1. Can you pull out every residue in segment 101-119 that is outside any helix (DSSP H, G or I) and either without any contact (Cβ under 8 Å) to a residue 24 or more places away in the chain or exposed (fewer than 11 other Cβ atoms within 10 Å of the Cβ) (or both)?
2. If a residue has to be without any contact (Cβ under 8 Å) to a residue 24 or more places away in the chain, of a type in the set (S, T, N, Q), within 21 Å of Val95 (Cα to Cα) and out of contact with any helix residue (DSSP H, G or I) (no Cβ under 8 Å at 6 or more places or on another chain) to count, how many in segment 1-59 make the cut?
3. If Gly97 satisfies all but one of (1) open to solvent by 80 Å² or more (accessible area, probe 1.4 Å); (2) in contact with a Ser or Thr (Cβ under 6 Å, 6 or more places away or on another chain), what's the number of the condition it fails?
4. Is at least one residue of segment 12-34 within 16 Å of the ligand (Cβ to nearest atom), within 29 Å of Trp169 (Cβ to Cβ) and surrounded by 10 or more Cβ atoms within 10 Å (Cβ to Cβ)?
5. Has segment 146-156 got any residue that is more than 16 Å from the ligand (Cβ to nearest atom), outside any helix (DSSP H, G or I) and assigned by TED's automatic domain parsing to the domain that holds Asp82?
6. Ala67: crowded, with 20+ Cβ neighbours inside 10 Å, part of a loop (DSSP other than H, G, I, E, B) and either touching a residue at least 40 places away in the same chain (Cβ under 8 Å) or not assigned by TED's automatic domain parsing to the domain that holds Lys161 (or both), yes or no?
7. With respect to Met69, determine if the residue is in contact with a helix residue (DSSP H, G or I) (Cβ under 6 Å, 6 or more places away or on another chain) and within 16 Å of the ligand (Cβ to nearest atom).
8. Could you please tell me which pairs satisfy a Cβ distance under 7 Å, a separation of 6+ or placement on different chains, a first residue in segment 168-186 that is under 16 Å from Met211 (Cβ atoms), and a second residue that is in a loop (DSSP other than H, G, I, E, B)?
Amino acid sequence: MKKYEQLLLQNRAWVEQKLQEDKDFFNRLANVQTPEFLWIGCADSRVPANEITGTNPGEVFVHRNIANMVVHSDMNMLSVLDYAVNVLEVKHVIVCGHYGCGGIKAAMINKQIGLIDNWIRHIKDVYRMHQDELEAIDDMKMRQDRLTELNVIEQVYDLGKTSIIQNAWQKRGGPYVHGWVYDVSNGLIKDLKVSMHDDSEMPDVYRFEKMTKV
Ligand code: CO
């Protein structure tokens, strides 16, 4: 059997197991999804959103890209964010980075990889913003870990800078935006405690005025 065919077999086995636990599992999910969470995570194969949070299909709306970035000109991310916030009305948006992230490592060296260099540049910008703090850390692994954390924190702020999140905050006092880091070496998620649900911590220049009705 070819390796990919194994995945299809495993799918059949998974369906059977789910139905054994709950015969209506798929019927309930067939026509509606009402997730409370939007997850913005890394594309890394070791960080599957549902599995590491013990959640089922239907519970987490997911967007993943290299190094869990919130790039405000990324139409893919903005579309997911707008749909999650304004249509699904999720209560929480979680940016989850992870230690050992290849994107973070790549941002800290000067080697060209290819097209991805342009994506990684957004992480280099985060590095430059926190250069003094980072370069005061001699141990390279610890410096990478700190950049991973600082990158997540910047992405949380970048969410807060979007008109999508700011309008939702004004309209319904939510969603909460959170910054987490997952440790691939022990499976544990650390809450970076940078949660926000209003613009009080936003630098003035990023704060939009309330939309007025025309
Ligand atoms: Co990664």
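1. The answer is Ile109, Asn110, Lys111, Gln112, Ile113, Gly114, Leu115.
2. Here the count works out to 2.
3. (1)
4. Within segment 12-34, none of the residues are within 16 Å of the ligand (Cβ to nearest atom), within 29 Å of Trp169 (Cβ to Cβ) and surrounded by 10 or more Cβ atoms within 10 Å (Cβ to Cβ).
5. Scanning segment 146-156 turns up no residue that is more than 16 Å from the ligand (Cβ to nearest atom), outside any helix (DSSP H, G or I) and assigned by TED's automatic domain parsing to the domain that holds Asp82.
6. Yes; evaluated as a whole, the condition is true for this residue.
7. yes
8. Ala168/Gly174; Ala168/Pro175; Trp169/His197; Trp169/Asp198; Gln170/Lys210; Gly173/His197
The values are calculated or read from the model by the stated rules, or taken from the named source; none is laboratory data. As the structure is a computational prediction, the values presented were derived from the model and not from experiment. Note: ideal-geometry Cβ built from the backbone for every residue, glycine included; neighbour counts use all protein chains shown. For the accessible areas, the whole protein counts, side chains as well, though only heavy atoms, and no ligand, DNA or RNA atoms are used. Shrake-Rupley method; radii C 1.70, N 1.55, O 1.52, S 1.80 Å.
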